[in-house]
1. Report the far tail of the P(r) of the chain, meaning the percent of Cα-Cα pairs longer than 30 Å.
2. Can you compute the label reach from Ser108? Point 7 Å from Cα along the Cβ direction, backbone N cut-off under 17 Å, restricted to the stretch 62-102.
3. When the dipole is taken about the Cα centre of the stretch 13-84, and only Lys, Arg (+1) and Asp, Glu (-1) are charged at their Cβ, what size is it in debye, to the nearest 20?
4. How high is the relative contact order of the stretch 1-75? Use alpha-carbon pairs under 8 Å, at least six apart in sequence, and give a whole percent.
5. If you fit an axis through the alpha-carbon atoms of helix 85-96 and take the longest principal axis of the Cα set of the chain, what angle between them do you get, 0 to 90°, nearest 10?
6. So if I place +1 on the C-beta of Lys and Arg and -1 on the C-beta of Asp and Glu, and nothing else carries charge, what would the dipole magnitude of the chain be about its Cα centre? I want it in debye, nearest 20.
7. In whole Å, how far is the Cα centre of the stretch 5-30 from that of the stretch 76-128?
8. Rank Ser108, Leu132, Thr49 by how far each Cα sits towards the positive end of the charge dipole of the chain (+1 on Lys, Arg Cβ; -1 on Asp, Glu Cβ) and give me just the farthest.
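What follows draws every value from the coordinates through simple rules; no lab data is involved. In this text the structure is predicted, and so the values were computed from the model without any measurement. FYI the Cβ positions are ideal-geometry reconstructions off the backbone, even for glycines, and counts take in every protein chain you see.
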Amino acid sequence: MKDLSLDAIDFALLELLQGDSSVSNLELAGRVNISPATCLRRVKRLWDTGMIERELAILNPERLAQVIGHGMEAVVEVSLDRQGNQEQEAFEARVVADDAVQQCYRVSPGPDFVLVVYARDMQDYLALAQRLFTSDANVRNVKAFFSLRRAKFRPRLALPRRDG
């Protein structure tokens, strides 16, 4: 198993990469006061140990809406009739395979799942609801909350601060 211990420099690198993973190795090294070779080695170790899962581009929904339309984002609570592990795994597998589902959380207490979904319009959402919820005899209750405005979206973890 790979070494999973992290020091202040590792946390600083992770913090910077969460903010902008496109920053060059040279700039990243300068920001944490280490050599570029050391920085490259440390970042590779963070990838190899699974601390960094993947990189992605976060699209600007307002700018993209000018081209494709606004669409709809909804937070959906789903309660299952039977909450056994097999039933939860079956539901989870079906929803995570659907491209309209952006996030899926198994939660407790309250509903069994909370989903963040995206649909082009209400007709698209209704098709999604039919596909994922209505057609499943084990879905007891669905409660959807439609987003009017996104005030914050910051997919990052709080990390220990670097000393000094």
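1. Here the long-distance tail beyond 30 Å is 40 percent of all Cα pairs in the chain.
2. So the set is 78-92.
3. For this selection, approximately 440 debye.
4. Details: 32 pairs, mean separation 18.7, N = 75.
Value for the stretch 1-75: 25 percent.
5. So the helix axis and the longest Cα principal axis differ by about 80 degrees.
6. That gives a dipole near 440 debye.
7. Going from one Cα centre to the other spans 34 Å.
8. Thr49
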